[in-house]
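Let me begin by presenting the structure, written as structure tokens, before commenting on it.
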Amino acid sequence: MHVPDAHSPRVFIVITTFNRAAHLQDLLDSIDTLDPAPSGVVVVDNASTDGTADVLAARETRVPVLVHRLPVNAGGSGGFAAGVSRALGEGAEWLWLMDDDVVVLPDALASFGPWMARYSCIHGRRYDHAGEPFFWQHLLDEFLGVHLPVRGDVFARSPVFHTNVGCFEGMLVAAEVVREIGLPDARFFLNGDDLTYGWLISRRYPVAYVDAFVLRKTRAQRQVDLGVRHLNDSSDLSRFCGMRNRGYLARYLRLHGRFHPVGFGLGTALSAGKELVRLVAVERSLSGVPSLWRGWRAARVILRDAGWQPEPPLTAAAGTARPTGGTR
């Protein structure tokens, strides 16, 4: 059992970025305001074609920034797998994972400090683009294979809410836990990779959502609050991956003896229905329906794949060996 070490930990921030040079600039500027400061930052450039390389080349910061350039876009999951591997190789004891369209609050690591002595996987709260609290409080229903929102104030009676899902827009996780669980599964590309990774961690350790604001979203998104569900805008790629990746989630549920075929089938229908509502209510279009259909068909292929294997745990040596292609 891993015991977290909160005494002068080596925290590395791991960022995955793709064609968002301006957002990345804002994020890196905000990291320079952190007190205490992290030990380092790993930026995974997912084969960006905008000014990202120029932004990174021009950085002069008090926090070391290591650039890990990938030859092709490996998606969010592939980017985080590469970045986590690189950070482990640099001696990280904790890894703070985040997308490129947020900024960190100056006291974020100080806010995490008290919780790092108790938990090995922690999520702080976020503000949205308008400065309002961002809704992120879910639990994975294993029968349906669907993460469901938890309504109400989850911090009304306690400053910590225990969940069984993760989010790569702010997950802080101990290195030893990553070595035990393995790297994020790059096959997801995007959508559902962090949820599944958090669930895998929750099988062995508590996953905490704490009442401390640590991030603010900088990218505006169209959204609608339906009362029972909060929906943001999406993309055809995200819709395809969301449906396809239910195949990967099913394989992991099956691996751990938590797969219920009837319930999961119902959950797949509910997931497709949610995406149809998103298309109508948020995006005012049905042009994304073919992407949902293609994703569902791809999930069926994954479910029938006799050679499928999960991501393996990492040994100390393996933690530094995957993936390659990075530069300082």
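A compact table of results
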{"item": "Residue tally, condition under 19 Å from the mean Cα position of the chain (by Cα) and among the hydroxyl-bearing types (Ser, Thr, Tyr), over the range 146-182", "result": "1"}
{"item": "Residues located in the range 294-308, provided they are farther than 17 Å from HIS260 by Cα, in a helix (DSSP H, G or I) and in contact (Cβ under 8 Å) with a residue 40 or more places away in the chain", "result": "ARG294, GLY295, TRP296, ALA298, VAL301"}
{"item": "Unique match (being of a type in the set (D, E, K, R), in contact with a Pro (Cβ under 8 Å, 6 or more places away or on another chain), surrounded by fewer than 19 Cβ atoms within 10 Å (Cβ to Cβ) and not assigned by TED's automatic domain parsing to the domain that holds CYS241) among ASP35, ASP128, ASP54", "result": "ASP35"}
{"item": "The lone exception for ASP54 - which of (1) farther than 21 Å from LEU215 by Cβ; (2) in contact with a helix residue (DSSP H, G or I) (Cβ under 7 Å, 6 or more places away or on another chain) it fails", "result": "(2)"}
{"item": "Contacts under 6 angstrom Cβ, first residue in the range 21-36 being within 20 Å of ARG10 (Cα to Cα) and free of Cβ contacts under 8 Å to residues at least 40 places away in the same chain, partner among the β-branched types (Val, Ile, Thr) and assigned to a loop (DSSP other than H, G, I, E, B), 6 or more apart", "result": "ASP32/THR61"}
{"item": "Residue count for the range 259-293, restricted to those that are free of Cβ contacts under 8 Å to residues at least 40 places away in the same chain and hydroxyl-bearing (Ser, Thr, Tyr)", "result": "1"}
{"item": "Tally, over the range 270-299, of residues that are among the small types (Gly, Ala, Ser) and touching a Gly at 6+ places or on another chain (Cβ under 6 Å)", "result": "1"}
{"item": "Qualifying residue in the range 72-87 (condition: outside any loop (DSSP other than H, G, I, E, B), touching a helix residue (DSSP H, G or I) at 6+ places or on another chain (Cβ under 6 Å) and polar (S, T, N, Q))", "result": "yes"}
{"item": "Yes/no for ASP211 being farther than 17 Å from ARG246 by Cα, of a type outside the set (A, V, I, L, M) and part of a loop (DSSP other than H, G, I, E, B)", "result": "no"}
{"item": "Checking GLU60 against (1) assigned to a helix (DSSP H, G or I); (2) modelled with pLDDT under 95, the condition it does not meet", "result": "(1)"}
{"item": "Matching residues in the range 112-149 - criterion: being part of a loop (DSSP other than H, G, I, E, B) and modelled with pLDDT of 95 or more", "result": "ARG118, TYR119, SER120, GLU142, PHE143, LEU144, GLY145"}
{"item": "Residues satisfying the stated conditions in the range 109-145, i.e. closer than 30 Å to HIS260 by Cβ and within 18 Å of the chain's Cα centre (by Cα)", "result": "TYR119, SER120, CYS121, ILE122, HIS123, PHE135, TRP136, GLN137, HIS138, LEU139, LEU140, GLY145"}
{"item": "Given (1) within 23 Å of TYR197 (Cβ to Cβ); (2) within 20 Å of the chain's Cα centre (by Cα), number of the condition ARG69 does not satisfy", "result": "(1)"}
{"item": "Criterion: buried (at least 24 other Cβ atoms within 10 Å of the Cβ), touching a residue at least 12 places away in the same chain (Cβ under 8 Å) and part of a loop (DSSP other than H, G, I, E, B) - qualifying residue of LEU172, LEU183", "result": "LEU183"}
{"item": "Residue in the range 32-52 that is of a type in the set (Gly, Ala, Ser) and assigned to a helix (DSSP H, G or I) present", "result": "no"}
{"item": "Qualifying position, being crowded, with 19+ Cβ neighbours inside 10 Å and either under 17 Å from the mean Cα position of the chain (by Cα) or closer than 17 Å to VAL177 by Cβ (or both), among GLY91, GLY83, GLY40", "result": "GLY83"}
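The values are calculated or read from the model by the stated rules, or taken from the named source; none is laboratory data. On a predicted model such as this, the values are computed, not experimentally measured, just so you know. Please note: Cβ atoms are built from the backbone with ideal geometry, for glycine as well, and neighbour counts cover all protein chains shown.
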